[in-house]
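Report on one structure; see the data block that follows.
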Amino acid sequence: MKVFKFFALATVAVMTVASCKVKTTEYEKLVKKAKDSKEIKALEVKKASMDSVSYLLGVNYGMMVNQNKFFDDASEMNMDEFKKGFEDAMGAGQPEMKAGPNPYQPLPDTTWAKKFKISPYEMNNIINDYLTARHAYLSKLNEKIGELYLAANKDEKGVQVTESGLQYVIHQEGEGDLIKPEDTVVVNYKGTLIDGTEFDANDSTEFAVNRVIPGWTEGLTLMNKGAKATLYIPAKLAYGQNAPRGSVIEPNSTLIFEVEVVDVIKYQDPEQEIVEIAE
């Protein structure tokens with residue numbers, strides 16, 4: 001499972017010592033005076049623009065949360081804690097960069113870290129532990145859902161089950177020999193999850209039969225040119241726990257494919273072809 005790097009400090013510490021420091025109260029007066037000038041006021045960012053950026057930051061974070069499957073939906077996220085963490089980060093300022101033995105790895109600023117409910121230095125470990133636990137939960141949950149679905153589906157009209165556990169229904173018989181794993185096919189297909197969510201669909205797609213997930217390979221070898229079928233593919237014959245990144249397919253998902261074989265390009269052994277040319 002990938003390591004999720006959510007937080008990183010700067011890698012190079014630059015130590016500077018100021019010869020003098022303007023008193024906070026005096027500095028605040030300078031800032032106010034500058035902000036009140038016509039020149040600066042004319043350059044102020046409009047509230048509408050700030051609102052748009054605020055919304056889009058939410059969109060950006062939401063997309064990241066969704067892509068990494070932190071939660072099933074927004075209702076599971078504690079928005080009060082999210083808001084507190086955001087406000088704490090905005091108010092904490094920047095950590096002090098303290099040079100350590102390794103110039104590319106500054107020492108942690110423990111004083112800065114105490115401004116937070118949970119130290120940001122612990123962020124990676126805590127989030128990775130959470131994602132590992134969630135991945136295990138989703139894997140087992142989807143495995144169980146798939147088992148229950150396939151147990152009921154095998155009794156549906158027309159459903160046949162192979163020794164591997166693949167379930168299929170032939171809706172239309174084709175012509176010619178059955179497809180072999182070495183052959184190349186051209187197919188129209190649509191892929192859905194058990195709940196009906198469509199995750200893929202293509203027409204006239206060409207590929208080698210033995211270069212796809214095991215459930216596809218086995219299912220196609222039960223078909224021939226012109227055949228139409230529905231394949232019910234258990235997780236172990238699909239992607240297992242290694243769901244495609246960025247897809248709606250979760251670990252251990254059972255997949256359903258509607259497949260039509262448009263054409264079959266029979267495998268030709270290159271050595272056999274050379275012999276035939278020589279003869």
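Would you mind telling me which residue in TYR232, TYR267, TYR27 has the biggest mean-square fluctuation in a Gaussian network model of the chain, where springs connect alpha carbons within a distance under 10 angstrom?
Comparing TYR232, TYR267, TYR27 in the GNM, the peak value goes to TYR27.
Accessible area of the chain with a 1.4 Å probe: how many percent of it is carbon plus sulfur? It would help to have the intermediate numbers written out before the result.
Values: 10780 of 19530 Å².
Here carbon and sulfur together make up 55 percent of the probe-accessible area.
When the gyration tensor of the range 53-118 is built from Cα positions, what are the square roots of 5 times its three eigenvalues, in whole Å, from largest to smallest? Before the final figure, lay out the partial values.
Details: eigenvalues 173, 44, 30 Å².
Equivalent ellipsoid semi-axes, largest first: 29, 15, 12 Å.
With 28 Å as the cut-off, how large is the P(r) tail for the chain, expressed as percent of Cα-Cα pairs? Walk me through the intermediate numbers first.
Details: 23710 of 38781 pairs.
Cα-Cα pairs in the chain separated by more than 28 Å: 61 percent.
Which of the peptides 37-45, 236-244 is most tightly packed, and how do the rest follow, going by the mean number of other Cβ atoms within 10 Å of each residue?
Descending mean neighbour count gives 236-244, 37-45.
Summing Lys, Arg as +1 and Asp, Glu as -1, what charge do residues with Cβ under 14 Å from the Cβ of THR254 carry, THR254 excluded?
It works out to a net charge of 0.
Between VAL161 and ALA42, what length comes free when the chain is fully extended (0.36 nm per residue of separation minus the Cα-Cα distance, one decimal in nm)?
The VAL161-ALA42 span can extend by a further 35.5 nm.
Quick one: accessible surface of PHE71, probe radius 1.4 Å, all protein chains present, in square angstrom to the nearest 10.
Roll a 1.4 Å probe over it and PHE71 shows about 60 Å².
Largest first, what is the accessible-area ranking of MET79, MET64, MET223, MET90 with a 1.4 Å probe?
Reading off the accessible areas and sorting them downward yields MET90, MET79, MET64, MET223.
Could you tell me how many degrees, from 0 to 90 and to the nearest 10, lie between the Cα long axis of helix 24-36 and the main elongation axis, the longest principal axis, of the Cα atoms of the chain?
Relative to the chain, helix 24-36 is tipped by roughly 70 degrees.
Before rounding to the nearest 500, sum -39500 (n - 2.57) across all DSSP H runs of length at least 4 in the chain and divide by the residue total; then give [θ] at 222 nm in deg cm²/dmol.
Details: 8 runs with 103 residues, N = 279.
Rounded to the nearest 500, it is -11500 deg cm²/dmol.
Report the charge-dipole magnitude of the range 80-235 in Debye, nearest 20, computed about the Cα centre from +1 at each Lys and Arg Cβ and -1 at each Asp and Glu Cβ.
That gives a dipole near 580 debye.
Within the set of other residues whose C-beta is less than 10 Å from the C-beta of PHE116, count the net charge using Lys and Arg as +1 and Asp and Glu as -1.
+2
Express the accessible area of the chain per residue in Å², computed with a 1.4 Å probe while the remaining protein chains stay in the model.
Accessible area per residue, the chain: 70 Å².
Counting C-alpha atoms alone, how compact is the range 48-197: give Rg to one decimal and Dmax as a whole number, in angstrom.
Rg, Dmax (Cα atoms, Å): 25.7, 76.
Give me the dipole magnitude in Debye, nearest 20, for the range 28-172 about the Cα centre, with unit charges on the beta carbon: positive for Lys and Arg, negative for Asp and Glu.
Dipole about the Cα centre, nearest 20: 840 debye.
Just to be sure I understand: with springs between alpha-carbon atoms less than 10 Å apart, which residue in LEU255, LEU148, LEU138 has the highest mean-square fluctuation in the Gaussian network model of the chain?
LEU148
Got the relative contact order for the range 187-237 handy, in percent, Cα pairs under 8 Å and 6 or more residues apart?
With pairs under 8 Å counted, the relative contact order is 25 percent.
In terms of solvent-accessible area of protein heavy atoms at a 1.4 angstrom probe, what is the ranking of ASP155, ASP51, highest value first?
Numbers: ASP155 115, ASP51 80 Å².
Ranking ASP155, ASP51 by accessible area, largest first, yields ASP155, ASP51.
Which of the GluC sites (Glu not before Pro) found in the range 124-216 are loop residues per DSSP with 11 or fewer other Cβ atoms within 10 Å of their Cβ? Display every interim value, and only then the final one.
On the way: sites: GLU143, GLU147, GLU156, GLU163, GLU173, GLU175, GLU182, GLU198, GLU206; in loops: GLU156, GLU163, GLU173, GLU182.
Sites meeting the loop and neighbour criteria: GLU156, GLU163, GLU173.
For the range 25-104, build the charge dipole from Cβ charges (+1 Lys, Arg; -1 Asp, Glu) around the Cα centre, then report which of ALA89, VAL45, ALA34 sits farthest towards its positive end.
Selected residue: ALA34.
Determine how large the accessible area of ARG245 is when every protein chain is in place; take a 1.4 Å probe and give Å² rounded to the nearest 10.
150
The values are calculated or read from the model by the stated rules, or taken from the named source; none is laboratory data. A quick note: this is a predicted structure, and the numbers were derived from the prediction, not measured. When we count neighbours, we look across all protein chains shown, and the Cβ atoms used for this are built from the backbone with ideal geometry, even at glycine. With ligands, DNA and RNA removed, areas are computed over all heavy atoms of the protein, side chains included. Shrake-Rupley method; radii C 1.70, N 1.55, O 1.52, S 1.80 Å.
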